[in-house]
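Enquirer: Following this message is one structure expressed as structure tokens.
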Amino acid sequence: MLIKLLATILIFTSLIKADSTSDLIKETREKISQINISFYENRLPDKLFVSELDKLFVELKDKNIYADSVVDKKDYKLKSSQLIKSFKAFEKFYNNKPEVDTLKKVFHAVNNEFNSVFGKYFLDELKNFPKKKIIIFSTSMSCECTLEMCYRQECEVQKLLKENPDSFDYAVVDSYSNYDLQNEYEVGFIPAVILVDSTNKEIKRFVRVEKLYDKLVSILNVKE
């Protein structure tokens, strides 16, 4: 009886920890999304967003959190350390009040490194989402024009979700660090945005398109 009780407590504790981990990772993505949208709208991000993101990164590091999908924890640790280092560089630059375009380029590194670390985690989570889903195949290593287009399309998806919460969910896959996933989804050119239904069946694919936001509004039948 005592053994069963202890086993139940351990299972319950692990479930609480898993939920806490998931919430922390998702909250971090949400703060990054808010900053991305600010840049997309050509304005400096709110100081509160930057401060909150700083605290979340510290918590991720202190709790030594690993996404369930991570296999190589040594590589994950290195990437996580680089992510925090990039954010600290951004934060220092932010405090000097630079121009929006200049600061945005600095934040690109933070955004790309977060996607590199947690992209597969969100893709795995996305498979069980009961509504439409968007998979963005981006890259953290390419020419400047491709990097800019990848970032813009990610921002467009995040802005649309902010305006239509719970209508869909999304994941961003860094093709540079997840070449196997790029092959699995038969993606040839980057950026590629794949819209799938609740059963994970592909509905529509957009490859290096302009004005993605408008096209998604139309096909998802959501408000602008």
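A short reminder: the numbers here are calculations on the coordinates, not readings from a lab. Note that the structure is predicted; figures quoted are calculated from it, not measured. Cβ placement follows ideal geometry from the backbone for every residue including glycine, while neighbour counts extend to all protein chains displayed.
Enquirer: Under a cut-off of 20 Å between alpha-carbon atoms, report the aspartates and glutamates in cross-link reach of K201, not counting same-chain residues fewer than 8 places apart.
Expert: Hits, sequence-local ones excluded: D124, E125, D166, D169, D180, E184, E186.
Enquirer: Can you work out the FRET efficiency for the pair F189 and S81, with r the C-beta to C-beta distance and R0 = 35 Å, to the nearest 0.05?
Expert: Here the calculated transfer efficiency is 0.65.
Enquirer: Separate question: Can you tell me what share of the DSSP beta bridges in the chain is antiparallel? A percent to the nearest 5 is fine.
Expert: 60
Enquirer: With n ≥ 4 as the cut-off for DSSP H runs, can you work out [θ] at 222 nm for the chain, using -39500 (n - 2.57) per run divided by the number of residues, rounded to the nearest 500?
Expert: When only DSSP H runs of four or more count, the value is -21500 deg cm²/dmol.
Enquirer: Consider just the alpha-carbon atoms of region 99-168 and return their Rg together with their Dmax, both in angstrom.
Expert: Both quantities, over Cα of region 99-168: 13.3, 41 Å.
Enquirer: Run through region 27-58 and list the chymotrypsin sites (Phe, Trp or Tyr not before Pro) located in a DSSP loop whose Cβ has at most 15 other Cβ atoms within 10 Å.
Expert: Taking region 27-58 and a limit of 15 other Cβ atoms within 10 Å, no loop chymotrypsin sites (Phe, Trp or Tyr not before Pro) are found.
Enquirer: Put +1 on the Cβ of each Lys and Arg and -1 on the Cβ of each Asp and Glu in region 106-153; which of I136, L147, S116 then has its Cα farthest toward the positive end of the dipole?
Expert: Farthest towards the positive end: I136.
Enquirer: Please report the relative contact order for region 127-224, taking Cα pairs under 8 Å with a sequence separation of at least 6, and give it as a percent rounded to a whole number.
Expert: Reported as a whole number, the value is 37 percent.
Enquirer: Taking the Cα atoms of region 162-224, report the difference between the largest and smallest coordinate on each principal axis, in whole Å and largest first.
Expert: Extents along the principal axes, in whole Å: 34, 27, 19.
Enquirer: Find the relative contact order for the chain and round it to a whole percent, using C-alpha pairs within less than 8 Å whose residues are 6+ positions apart.
Expert: Reported relative contact order: 18 percent.
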